[in-house]
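One structure is given below, encoded as structure tokens.
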Amino acid sequence: MKNILPVAAVLALAAVGFFAWKNQTPQTSPPTNQTQEETPKTSPTSFTFTNPKKSAHYETNTPAHGSTLAGTPINVVIDFNFDLAKPSEIKILKERTDYGTGETIIDTNKLSMRRTMKSDSPDGLYTVDYKACWPDKSCHDGTFQFAIDRSQAKTYDDQTGKKEVTIKMSEVMFKPQNIKLTRGTKVTWVNDDSAEHYVNTDSHPSHTYSPTQNSKALKKGESFTLTFDQAGIYPYHCSAHASSMTGSLLIE
Ligand SMILES: [Cu+2]
């Protein structure tokens, strides 16, 4: 009888150890710099996104991996922490067709590369295959996915046909958060909060997707204005509250 207690204690410890081991989350993505924006977002049409593969020196990309967009991106941008060189390349693939148009462009600071996307690209899942090359001629592959689902535009605040629109920055939110507009509309963001806010194009902190859509710090009462002449989706955020203060413009 006196041997039972120690045996029971050992069994209990073994059981605790087993469950702790069993509950460990397996590492499913490459151990590179995973950023917050890259967590796949759930979408009502539920596309299945495979894990991204990140090349050496990769930082972020827009559209975000796992994002489902209500319209076509104006371009796909990938950001790095090292100088890009030729022949870096971006392909925007759906069923082996490349919906990118024109050359892959390396930005003047050499930290981002971008490719324009065809504005009439169909709904569905897109795989971005890229090759990032450095001045020493070495190249590394990477891949990520996003989806287009135009039915999501139903949830957007429809302000098409207006020449000017105001978006309030209030209670650490963009109001309205998601707006549908007509090409040529002049958009003004006004800060109603005592906290400073920014208007920054995605992703954070590179702010490279639509480079003109970046404001200085806006104090209460200050504003930022930009006219949108190109159709497409414009995901943006406030860099002071990047995880929660987000918005999107759909220009038609
Ligand atoms: Cu803010």
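On the principal axes of its alpha carbon atoms, segment 153-252 extends 32, 26, 23 Å, with the longest extent given first.
So with the 1.4 Å probe, I'd like the accessible area per residue for segment 156-251, rounded to whole Å². Before the final figure, lay out the partial values.
Working: 4270 Å² over 96 residues.
Dividing the accessible area of segment 156-251 by its residue count gives 45 Å².
Candidate cross-link partners of LYS54 among the lysines, defined by an alpha-carbon separation under 17 Å and a same-chain spacing of 8 or more, comprise LYS91, LYS131.
Taking all pairs of different Cα atoms in segment 36-151, averaging 1/r and flipping that mean, what Kirkwood radius in angstroms comes out?
On the way: mean 1/r = 0.0702 Å⁻¹.
With all distinct Cα pairs of segment 36-151 included, I get 14.2 Å.
Atom-type composition of the exposed protein surface of segment 156-251 places 46 percent of the accessible area on carbon and sulfur (1.4 angstrom probe). At a probe radius of 1.4 angstrom, the accessible area of segment 41-131 per residue rounds to 47 square angstrom.
Backbone phi angles across segment 236-242, fed through the Karplus curve with coefficients 6.51, -1.76 and 1.60 (θ = phi - 60°), yield HN-Hα couplings of 8, 7, 9, 5, 7, 9, 5 Hz in residue order; Gly and Pro are listed as x.
Every Cα-Cα pair of segment 125-187 was included, and the share exceeding 16 Å stands at 67 percent.
The values are calculated or read from the model by the stated rules, or taken from the named source; none is laboratory data. Here the structure is a predicted model, which means the values were calculated and not measured. For the accessible areas, the whole protein counts, side chains as well, though only heavy atoms, and no ligand, DNA or RNA atoms are used. Shrake-Rupley method; radii C 1.70, N 1.55, O 1.52, S 1.80 Å.
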